[in-house]
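What follows is calculated from the coordinates using simple rules that are stated; it is not laboratory data. This structure is a prediction, so every number in the text was calculated from the model and none was measured. Reconstructed Cβ throughout: ideal geometry from the backbone, glycine too, with neighbour counts over all protein chains shown.
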Amino acid sequence: MALAGCKSTDKSAADHLRVNLGTEPPSLDWSIATDHVSFNVIANLMVGLTEFDKDLKPAPVIAKSWELSDGGQKIVFKLRDDVLWSDGKKVRAQDFEYSWKRLLDPKTASQYAYILFDIVNAADYAQGKLKDPAKVGVKAADDQTLVVTLTHPASYFLAITTFEVTYPQRQDIIEKHGNSWTQPANIVTNGPFTLASWKQQNEIELRANGKYFRGKPAMDKVTMYMVNEKTTALTMYEQGNLDFADESHSIPTLDKPRLAKLPEYKLVPQLRGEYYGFAVDRKPFDNPKLRRAFSLAIDREIFPKILQGGKTPATSWIPPGMLAHNPKIGLAYNPEAARKLLAEAGYPDGKGLPPIVLGYNTQEDHKLVAEAIQAMWQKTLNVVVKIENQEWKVYLKKLQTDPFVVHRAGWGADYPDPDNFMKLFTANSGNNHGRWKNPQYDKLLDQAASEADSAKRTELYDQAQKLLTETDAVIAPLFWKAEATLLSPKFTGLEYNSMARMDLRNVKPAGK
Amino acid sequence: MLHLLLKRCLHGLLVLWVVATLTFLLLRIAPGGPFDSERKLPPEVIANLEAKYHLDEPLWRQYLRYLGGVAHGDLGPSYKYLDRGVTEIIAETLPTSLVLGSLAMLFAVLVALPAGLLAAYFRNSLIDRCCMSVAALGISLPNFVLGALLIWGVALQLGWLQIGRWDDWSSVILPTITLAAAPTAFLAALLRSTLIETMGEDFVRTARAKGLKEIWVIAKHALLHSLIPVLTVMGPLAAALLTGSFVVEYVFAIPGMGRFFITAVTDRDYPLIMGVTLVYTTLLVGANLIVDLLYGLVDPRIIRVE
């Protein structure tokens with residue numbers, strides 16, 4: 001859509017920021033929210049024990065310090081005593097204990113309950129086998145001390161405490177208001193903003209929280225629109241009726257080359273990867289040589305071109321910015337080596353190989369990638385590749401029951417630790433769609449989880465990534481994502497992080 | 001008349017029950033569930049979710065539970081929008097769709113009636129050709145294309161109107177035109193063809209022969225008679241417009257109910273799909289009932305025959 005001649009209908013104020021959520025947040029209850037739209041609102045209403053810093057390491061927020069003991073199985077968090085809820089009450093360790101146990105409570109039916117299963121008795125409590133929540137290994141020793149006992153040393157556990165689902169909650173508020181405790185009239189929060197209004201399918205309004213312990217934000221008012229259609233949202237931005245646009249909700253792929261020329265255009269690398277998985281329990285992909293041949297035949301450099309930029313070609317799995325990211329691992333494009341391996345696998349020049357079905361969920365970007373890879377495999381390996389797309393929920397069912405021999409999948413980090421990415425492919429993982437089982441891989445991950453030393457952890461993850469993407473070649477990583485963003489030149493300080501969260505607390509009018 | 005009303009209401013309830021039952025069963029057949037996501041959940045978490053929403057119960061019990069809820073005005077919890085019930089979601093979004101749909105209906109009637117009348121009266125003239133060319137365009141142009149064109153031209157290039165909000169009069173104009181375009185064109189074309197047919201009837205010729213003024217011939221005899229087919233299509237049209245349009249609400253970011261006809265299905269939000277389907281069916285039954293009553297005004301013989 002052409003920008004030339006665009007007329008502005010801008011009605012904004014200097015301390016009023018307008019962003020687009022894209023859709024209605026399914027829930028503002030951080031025990032049951034599962035999606036990044038909800039988390040983008042919650043992250044501006046609340047703070048937790050920690051947040052991750054620019055190096056993606058957990059940094060103190062409400063927890064001013066923590067101590068590990070018992071070989072890393074016990075963590076004692078010391079809390080600040082100056083953090084207030086929006087109704088003026090102090091945030092206490094009991095609020096964390098209540099929130100974590102509520103997350104695990106079978107009655108809450110939280111989809112993220114499993115994130116705390118490393119805590120003693122947490123899994124049993126969530127399964128209903130244990131009825132007494134007092135036996136779960138999280139306890140407020142006093143108002144400022146939270147003690148967490150783990151079933152095993154988990155070096156990634158601190159990273160979990162950056163995740164919104166672990167934020168504290170007020171028992172009195174939830175018990176008083178029931179399911180409607182997240183409505184603006186009822187909710188109390190402790191972050192930079194408060195929830196002023198929530199108009200369904202329309203907009204959410206936040207107001208600066210004068211009781212925020214780091215000081216009131218410069219933006220007095222934030223309006224979060226729910227505009228589904230990217231073209232409409234971009235038009236609003238170009239008319240001056242929206243101040244921040246991100247690729248997920250407000251920037252159509254085809255507009256990216258044009259927008260890239262704007263000074264406010266930024267690409268923010270994301271902790272999100274895409275891959276093609278192979279069904280290793282079915283012929284012909286039960287042969288690792290064949291899998292390696294298919295991975296070697298993918299020229300990943302083409303993806304940034306066909307997807308209009310913002311993609312980093314990937315041969316390994318752990319994304320850039322995360323501990324143990326190693327771009328040297330994996331099988332880079334090598335058509336000669338691919339053809340050689342194909343012959344060694346018993347299919348010289350593709351002879352004898354049945355047609356390969358490549359499945360993906362219906363989406364324009366996925367289609368472009370599938371068509372490109374179909375062409376590459378046909379050209380390099382001389383194989384017939386059929387591509388098949390399905391609606392998202394149908395595709396998910398297919399992945400869980402009878403996955404395509406080659407299937408598209410992706411993953412975005414819940415918390416910034418390689419454990420979150422690598423655990424997808426353990427033998428008992430529900431996300432291991434290719435049904436690969438390698439005890440050596442599982443053992444390496446267990447060792448890495450228990451290891452406190454970053455260098456040693458990196459070494460262990462290197463070995464695991466080599467198994468995953470080279471030796472066994474269970475997956476062919478394709479690319480890591482970067483998010484295109486536009487922030488109106490009228491503002492500065494909006495931080496869009498690598499987990500697709502908009503941090504609005506430091507936004508200021510430009511020049512102030 | 002009262003007998004007819006009662007009979008129609010009972011028919012309406014039967015239709016609602018059949019639609020609810022069929023929708024309930026069809027939803028369970030569709031592959032994929034409400035809690036399937038990119039992150040495969042552990043079995044214990046899935047068990048908790050199924051228990052919370054009674055999805056672990058036998059199908060017949062879920063069905064009876066649902067019907068019992070509907071009878072008490074409770075359409076159940078949404079599986080997608082977890083902080084609200086379906087009744088609350090519909091109560092908050094339906095009014096917007098009703099306003100937009102009513103405006104589109106009004107636009108359609110106010111434009112289609114004179115256009116159809118003029119086109120029929122000045123048959124094969126320049127006026128007729130202009131009206132019918134515009135009507136053909138309105139029918140054949142999908143509303144997502146028309147919406148995008150209006151945004152590009154009126155909002156982006158000319159900057160006359162804002163888009164993407166539903167907060168003042170200027171945000172109402174483009175979606176109303178987009179939503180009304182096809183019905184307006186259809187009604188105008190329908191009215192023209194029935195009027196042309198009617199104006200060749202004996203009773204119209206008789207009226208003219210009696211020396212009635214042309215305006216009375218058209219208004220009292222020809223037009224009134226030609227309204228019956230128009231009224232027949234107005235029932236379903238009203239239900240479709242008043243419950244909202246996915247495309248128009250999506251393109252113009254209007255906080256209405258229409259979007260749920262698509263998104264609730266892709267989310268497998270069973271109670272929300274059931275809820276919007278029941279609202280649509282109720283409006284359809286209600287609109288058809290009103291049309292039946294209007295038949296009585298236009299031509300009382302129709303009611304007498306019934």
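Remark: C-alpha extents of the stretch A:241-382 on the principal axes read 60, 32, 26 Å, sorted largest to smallest. Applying a length cut-off of 15 Å (Cα extent along the axis) and a mean Kyte-Doolittle floor of -1.0 to the DSSP H helices of chain B leaves B:2-29, B:59-71, B:86-121, B:126-140, B:170-199, B:224-242, B:270-298.
Sorting B:SER102, A:SER248, B:SER133 by the number of Cβ atoms found within 10 Å of their own Cβ, with the fewest placed first, yields B:SER133, B:SER102, A:SER248. Mean per-residue shielding of peptide A:18-30 is 3, counting Cβ atoms of other chains within 10 Å of each Cβ. Of all lysines in the structure, those lying under 23 Å Cα to Cα from A:LYS107, and not within fewer than 8 positions of it along the same chain, are A:LYS129, A:LYS131, A:LYS135, A:LYS139, A:LYS176, B:LYS40, B:LYS52, B:LYS80. Entry for the stretch A:272-482 at q = 0.14, 0.17 Å⁻¹: log10 I(q)/I(0) = -0.80, -1.20, Debye formula applied to identical alpha-carbon scatterers, no solvent contribution.
Under a 5 Å amide H cut-off, with hydrogens placed 1.01 Å from N, A:GLY48 pairs with A:ILE62 among residues at least 5 apart or on other chains.
Alpha-carbon geometry of chain A: the Rg and the Dmax are 24.1, 73 Å, given in that order. Going by neighbour counts of Cβ atoms within 10 Å, the residues B:VAL251, B:VAL230 line up, fewest first, as B:VAL230, B:VAL251.
Taking square-rooted eigenvalues a ≥ b ≥ c of the alpha carbon gyration tensor, is chain B rounded, prolate or oblate, where a/c under 1.5 means rounded and, failing that, a/b exceeding b/c means prolate? Because a/c hits 1.5 or more and a/b fails to exceed b/c, chain B counts as oblate.
Within the same chain, lysines fewer than 8 places from B:LYS210 are excluded, and of the rest, those with a Cα less than 29 Å from its Cα are B:LYS220. Taking every residue in A:162-168 and counting other chain Cβ atoms within 10 Å of its Cβ, the average works out to 0. Computed FRET efficiency, Cβ-Cβ of A:GLN363 and A:TYR265, R0 25 Å: what is it to the nearest 0.05? Calculated transfer efficiency: 0.60. In this structure, the pairs whose alpha-carbon distance is over 31 Å, taken from A:LYS481/A:LYS508; A:LYS367/A:LYS466; A:LYS64/A:LYS466, are A:LYS64/A:LYS466.
Figure legend: label point modelled 7 angstrom from the Cα of B:LEU149 along Cα→Cβ; no residues of the stretch B:220-245 have amide N under 14 Å from it. Taking label points 7 Å from Cα along the Cα-to-Cβ direction, B:ALA71 and B:ILE228 give a separation of 4.1 nm. Classification of the stretch B:87-157 by its C-alpha gyration tensor yields an oblate form. The axis ratio a/c (a ≥ b ≥ c) is 1.5 or more, and b/c is at least a/b. Per-residue ellipticity at 222 nm computed for chain A from its helices equals -7500 deg cm²/dmol, with DSSP H segments shorter than 4 residues left out and the rest contributing -39,500 (n - 2.57). List residues of the stretch A:153-191, by number, whose backbone nitrogen lies under 15 Å from a label position 7 Å along Cα→C-beta of A:ASP15. No residue qualifies, since no backbone N sits under 15 Å from the label point. Hey, how many Å between the Cα centroid of the stretch A:148-194 and the Cα centroid of the stretch A:443-512? Taking the Cα centre of each part, the stretch A:148-194 and the stretch A:443-512 sit 23 Å apart.
Ranking of A:TYR415, B:TYR53 by neighbouring Cβ atoms within 10 Å, starting from the fewest: B:TYR53, A:TYR415. Which of rounded, prolate or oblate describes the stretch A:13-142 when judged by the alpha-carbon gyration tensor and an a/c cut-off of 1.5? Oblate is the answer for the stretch A:13-142, as a/c is 1.5 or above yet b/c matches or exceeds a/b. Computing FRET efficiency as 1/(1 + (r/R0)^6) for B:ASP168 and A:GLU301, where r is the C-beta to C-beta distance and R0 is 56 Å, gives about 0.70. Counting Cβ atoms of other protein chains within 10 Å of each Cβ in A:388-398 and taking the mean gives 5.
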